[in-house]
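Here the structure comes first, spelled out in structure tokens, and everything after it is commentary.
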Amino acid sequence: RLIKGEVVLKNVTFGYVPGKVVLKNINVTAKPGQKIAFVGSTGAGKTTITNLINRFYEIDEGEILIDGINIKNIKKDSLRSNIAMVLQDTHLFSGTVRENIRYGRLDATDEEVIEAAKIACAHSFIERLPQGYDTVLEGDGANLSQGERQLLNIARAAISKAPILILDEATSSVDTRTEKYIERGMDQLMKNRTTFVIAHRLSTVRNADLIIVLEHGEIIEQGTHEELLALGGRYYQLYTG
Ligand code: CTP
Ligand code: MG
């Protein structure tokens, strides 16, 4: 039984600029190891919630607790090592492929880097690069395709031992075939971690422990896939298109 990775949002209200509320009175409890999915239309506030869990921004009202501790009282370094993420926009730096993956856990061995790349289905394309794992990436990985950059970010998350994982459209840029292929790797990535997943493709959220439907910054429905389908509301509409 896991003891780390509980995330609680209590009455969280937030706006990027004064006077424009983006999230209103959000309550979410993720128990250690649970998979929580956020769905809802563009601009609903899904990415914003994960920005707040990461403390990229300060909330206006309410509180966010990780393992019972208010994130305001957690040092940024400690927060970073507790949360792994694969985001909509990829983040790579000019350094080798190996360094970019190892950034997920600086004491990882070369073998562990390869293992993580395999989980992310990145190993074979890396081996085809001019210098393999020692290939230097141009600024933000400009010499890779968008999908390849995403796979490197997945490898970086795979090597991390963080108990909390955020996947924001983590496979949105890889083709359907690779996405199918990577499914097992993603399951491995989520294993034993509290995962927040955002995906437009609802097939990837249907097995979540809890699906939260957002609209204009408010939670309008929540439950399991089956419960929400039975409800016949917004999720049902999204799902049946
Ligand atoms: N927003 C903002 N300033 C930012 C980021 C977002 O004002 N720096 C606003 C957006 O315009 C939007 C709202 O915050 O109205 C929620 O944005 P976001 O959480 O990014 O929406 P998502 O649900 O993640 O939308 P998508 O599916 O398009 O990623
Ligand atoms: Mg988003």
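If a/c stays under 1.5 just call it rounded; otherwise compare a/b with b/c (prolate if a/b is bigger, oblate if not). Do that for the chain, with a ≥ b ≥ c from the square roots of the Cα gyration tensor eigenvalues.
Verdict is prolate for the chain.
Over what distance in Å are the Cα centres of segment 38-92 and segment 166-195 separated?
19
Ranked by accessible surface with a 1.4 Å probe, highest first, in what order do E183, E226, E215, E169 come?
Working: E183 95, E226 120, E215 55, E169 20 Å².
Solvent-accessible surface, decreasing: E226, E183, E215, E169.
Among the aspartates and glutamates, select those whose C-alpha is under 15 Å from the C-alpha of K10, and discard any that sit fewer than 8 residues away in the same chain.
E58, D60, E61, E63, D67, E218
Report the gain in length on full extension from T29 to R128: 0.36 nm times residue separation, minus Cα-Cα distance, nm rounded to one decimal.
31.3 nm
Please report the antiparallel percentage of DSSP beta bridges with both residues in the chain, rounded to the nearest 5.
On the way: 19 of 36 bridges.
Just about 55 percent of them are antiparallel.
Can you give me the accessible area per residue for the chain, using a 1.4 Å probe, in Å²?
51
Straight-line reach from K180: which lysines have a Cα under 17 Å away, not including same-chain ones fewer than 8 places off?
Result set, ordered by chain and number: K118.
Please list, in order along segment 97-106, the HN-Hα scalar couplings obtained from phi with the Karplus expression 6.51 cos²θ - 1.76 cosθ + 1.60 (θ = phi - 60°), rounded to whole Hz, x for Gly and Pro.
Ordered by residue, 3J(HN,Hα) equals 4, 4, 4, 5, 6, 5, 3, x, 7, 5 Hz.
Hey, what angle do you get for helix 146-159 against the long axis of the chain, alpha-carbon based, 0 to 90 degrees rounded to 10?
Roughly 80 degrees, rounded to the nearest 10.
Cross-link partners among lysines for K4, C-alpha distance below 19 Å, same-chain residues fewer than 8 apart left out?
The qualifying lysines are K31, K35, K72, K75, K76, K161, K191.
Can you compute the modelled spin-label distance between N207 and F93, with each label point 7 Å from Cα toward Cβ, in nm?
In this crude label model, N207 to F93 measures out at 3.5 nm.
In square nanometres and to one decimal, what's the mean projected area of the convex hull around the Cα atoms of segment 1-138? Intermediate results must be reported in sequence, preceding the final value.
Working: hull surface 42.5 nm².
The orientation-averaged projected area of the Cα hull of segment 1-138 comes to 10.6 nm².
Tell me the angle of helix 176-190 to the major Cα principal axis of the chain, expressed in degrees between 0 and 90 and rounded to the nearest ten.
In the chain, helix 176-190 runs at an angle near 80 degrees to the longest axis.
For T240 paired with K76, estimate the spin-label separation in nm (one decimal), with each label point 7 Å from Cα along the Cα-to-Cβ line.
4.9
The values are calculated or read from the model by the stated rules, or taken from the named source; none is laboratory data. All of these numbers come straight from a predicted model, not from anything done at the bench. Counting neighbours? That spans all protein chains shown, and the Cβs are built from the backbone with ideal geometry, glycine included. Side chains included, ligands, DNA and RNA excluded: accessible areas come from the protein's heavy atoms. Shrake-Rupley method; radii C 1.70, N 1.55, O 1.52, S 1.80 Å.
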